[in-house]
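Working notes, beginning with the structure itself.
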Amino acid sequence: MSTLLDNAIATLSTAPGVLAVAIEEPGENLVHLGDHAWYARLRAAHLMRAEADESPIRVMLGQHVIVCQREPAGVVIAVVPTCHPVSKSLHRMIRKAGRLPKPPREPAQTTAKPTKALGKPAPIIDAAEAFR
């Protein structure tokens, strides 16, 4: 499985209120998760988004909203009931699912700076000599 599909399964398909999700990665077919009765409508929303060349688009279908959003890793489409609380955070969830994985960080290269050569150390004197 790909990273986008894994992220979508983790963030979108398990969220309460999300009825169905479809994902298309570059060069791949549309993958559908959830209620299969929504597949044709999700595909139609995806075609509308491609035709309009906009991201994101919202399609209102009666009491449901389909959000189709293009991300760097592919296109994510989700359907939720119109007034469900998850609709407020749906764009954020899609962005989170569509993030490309960050390359692993390499440890910072530190260069040791040469230290100044310390001169002759100060002489050690006792307290009685210091106050004469």
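Only the coordinates and a few stated rules stand behind these numbers; no lab work does. The shown structure was predicted, so the numbers you read here are calculated from the model rather than taken from an experiment.
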Stretched fully, the stretch from Ala127 through Glu51 gains (0.36 nm per residue minus C-alpha distance, one decimal, in nm) 18.5 nm
For the range 3-98 the mean separation of alpha carbon contacts under 8 Å (6+ apart) over residue count, i.e. relative contact order in percent, is 33 percent
By the C-alpha gyration tensor axes a ≥ b ≥ c (rounded if a/c is under 1.5, else prolate when a/b exceeds b/c, else oblate), the shape of the range 3-98 is rounded
Phi-derived 3J(HN,Hα) across the range 15-20 with the Karplus relation (6.51, -1.76, 1.60, θ = phi - 60°), rounded Hz, x for Gly and Pro, is 6, x, x, 7, 7, 7
